[in-house]
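Undergrad: Below is one structure. I have some questions about it.
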Amino acid sequence: SGLRVLPDFLIVGAQRAGTTYLYNNLAAHPCVAPALTKEVHFFDVWFGRGLGWYRQFFPLRAQRAFWRLRGRTLLAGEASPYYMFHPHAPRRAAATLPNARLIALLRNPVDRAFSHYNHSRRRGFETLAFAEALAQEDARLAGEEQRLIADERYVSDAHQNFSYRARGVYADQVARWLQYFPRDQLLVVPSERMYADPAGELGRIFAFLGLPAWQPELRPSRAPAYTGMDADTRRSLHEFFAPHNARLYDLLGTRYDWDEDDDTER
């Protein structure tokens with residue numbers, strides 16, 4: 001495992017915000033060596049397996065040295081969207097990869113919550129209706145983050161699968177990452193912009209990672225249609241997220257029109 005490199009960049013989340021779309025397009029860049037699997041989950045679920053286990057997912061040092069002899073860059077990276085939400089992930093990542101570039105895709109948290117719910121339903125984790133799942137969320141998550149913090153080996157299915165609202169409180173999650181990484185190592189990309197202008201956003205991401213300019217043959221966008229959420233539930237979620245979105249806007253010095261029930265960035 002010591003013969004292999006560690007990643008240069010991490011796509012840290014958020015879940016259901018387009019991380020697979022971004023990763024697939026990034027992995028197609030001729031100067032990017034993707035991990036053996038998109039979601040390695042080292043800094044959240046599998047940290048106890050050790051650094052040797054983590055290295056096995058990335059290319060050989062000799063491969064990178066060969067590229068350098070030819071005057072070319074070869075970057076490695078992975079995308080595990082639970083990193084954004086897991087309380088230990090930023091500290092673990094900073095101790096292991098202090099110079100890593102971080103990319104966070106953030107999606108309208110109302111749409112993200114509903115997409116997360118439908119994802120949990122498809123995977124067989126969720127049996128409740130959406131409104132009932134939201135009503136039960138606090139009870140389902142009660143004490144789970146505290147258990148994760150207290151026990152580095154603890155894995156919480158509820159924290160991963162039923163955190164529909166909690167994962168959309170981006171301000172707390174971004175602030176936690178910025179406790180361990182300087183601001184210039186974190187690029188925040190609104191998902192809506194990625195889907196509206198994938199070529200432009202990928203160009204910005206390539207530049208952030210120090211990759212040469214390249215025109216990708218864009219992978220198809222699979223931005224889902226947001227149907228099936230009743231108006232009262234949507235209104236309630238907008239009201240819940242409004243103050244948290246305001247804190248995020250202050251933290252990042254930018255604003256998205258997530259509070260206006262549309263996907264237009266202002």
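Undergrad: If you take every DSSP beta bridge whose two residues both sit in the chain, what share of them, in percent to the nearest 5, is antiparallel? Write down the numbers at each step before the final one.
TA: Values: 1 of 16 bridges.
Percentage antiparallel, nearest 5: 5.
Undergrad: Applying a 10 Å radius around every beta-carbon, put 33-41, 11-19 in order of their mean neighbour count, most first. Intermediate values should be presented prior to the final figure.
TA: On the way: 33-41: 17.9, 11-19: 26.8.
Ranking, from highest mean packing down: 11-19, 33-41.
Undergrad: Could you tell me the calculated FRET efficiency between A242 and Q56, based on Cβ-Cβ distance and R0 = 45 angstrom, to the nearest 0.05?
TA: Values: r = 44 Å, r/R0 = 0.98.
The formula returns an efficiency of 0.55 here.
Undergrad: For the stretch 92-161, state which chymotrypsin sites (Phe, Trp or Tyr not before Pro) are in a DSSP loop and have at most 15 other beta carbons lying within 10 Å of their beta carbon.
TA: Working: sites: F114, Y117, F125, F130, Y154; in loops: F125, Y154.
Of the chymotrypsin sites (Phe, Trp or Tyr not before Pro), the ones in loops of the stretch 92-161 whose Cβ has at most 15 other Cβ atoms within 10 Å are F125, Y154.
Undergrad: Let me have the relative contact order for the chain, percent, based on Cα pairs under 8 Å that are six or more residues apart.
TA: Working: 374 pairs, mean separation 63.0, N = 266.
Contact order relative to length: 24 percent.
Undergrad: Okay, moving on. Most fluctuating residue of R72, R92, R176 in a GNM of the chain with Cα springs under 10 Å: which is it?
TA: R72
Undergrad: Okay, next question. Using a simple spin-label model with points 7 Å from Cα along the Cα→Cβ vector, what separation in nm is obtained for H88 and L6?
TA: About 1.6 nm separates the two model spin labels.
Undergrad: Before I look further, what does the chain give for accessible area per residue, probe 1.4 Å, in whole square angstrom? Walk me through the numbers before you get to the answer.
TA: Details: 12200 Å² over 266 residues.
On a per-residue basis, the chain sits at 46 Å².
Undergrad: May I pose another question? Leaving out ligands, DNA and RNA, and with a 1.4 Å probe, what % of the accessible surface on the chain is carbon or sulfur? Don't skip to the answer; put the middle values down first.
TA: On the way: 6200 of 12200 Å².
Percent of accessible area from carbon and sulfur atoms in the chain: 51.
Undergrad: If I take R0 = 35 Å and measure r between the Cβ atoms of D250 and R123 in this structure, what FRET efficiency does the formula 1/(1 + (r/R0)^6) give, to the nearest 0.05? Working shown, then result.
TA: On the way: r = 35 Å, r/R0 = 1.00.
For R0 = 35 Å, the calculated efficiency reads 0.50.
Undergrad: Write out the trypsin sites (Lys or Arg not before Pro) in the stretch 102-152 meeting two conditions: DSSP loop, and at most 12 other Cβ atoms within 10 Å of their Cβ. List each step's numbers first, then the result.
TA: Details: sites: R107, R112, R121, R122, R123, R140, R147; in loops: R107, R123.
Passing sites in the stretch 102-152 are R123.
Undergrad: For every other residue with a beta carbon closer than 13 angstrom to the beta carbon of P81, add +1 if it is Lys or Arg and -1 if Asp or Glu, then tell me the sum. If you can, show how the numbers build up before the last one.
TA: Values: positive: R16, K38, R107, R112, R167; negative: E39, D44, E78.
Every neighbour counted, the sum reads +2.
Undergrad: To the nearest 500 deg cm²/dmol, what mean residue ellipticity at 222 nm is calculated for the chain from DSSP H runs of n ≥ 4 alone, each contributing -39,500 (n - 2.57), summed and divided by the residues?
TA: On the way: 12 runs with 118 residues, N = 266.
Theoretical 222 nm ellipticity from helices: -13000 deg cm²/dmol.
Undergrad: Note down the net charge around R101, summing +1 for each Lys or Arg and -1 for each Asp or Glu among other residues with Cβ under 10 Å from its Cβ.
TA: Values: positive: none; negative: D8, D184.
Around R101, the charge tally is -2.
Undergrad: Using a Gaussian network model on the chain with a 10 Å cutoff between Cα atoms, which of L248, L26, L218 fluctuates the most?
TA: With Cα springs under 10 Å in the chain, the top fluctuation among L248, L26, L218 is at L218.
The values are calculated or read from the model by the stated rules, or taken from the named source; none is laboratory data. All values derive from a computational prediction rather than experimental measurement. Ideal geometry is used to build each Cβ from the backbone, glycine not excepted, and the neighbour counts take in all protein chains shown. Accessible surface is based on the protein model in full, side chains and every heavy atom, while ligands, DNA and RNA are left aside. Shrake-Rupley method; radii C 1.70, N 1.55, O 1.52, S 1.80 Å.
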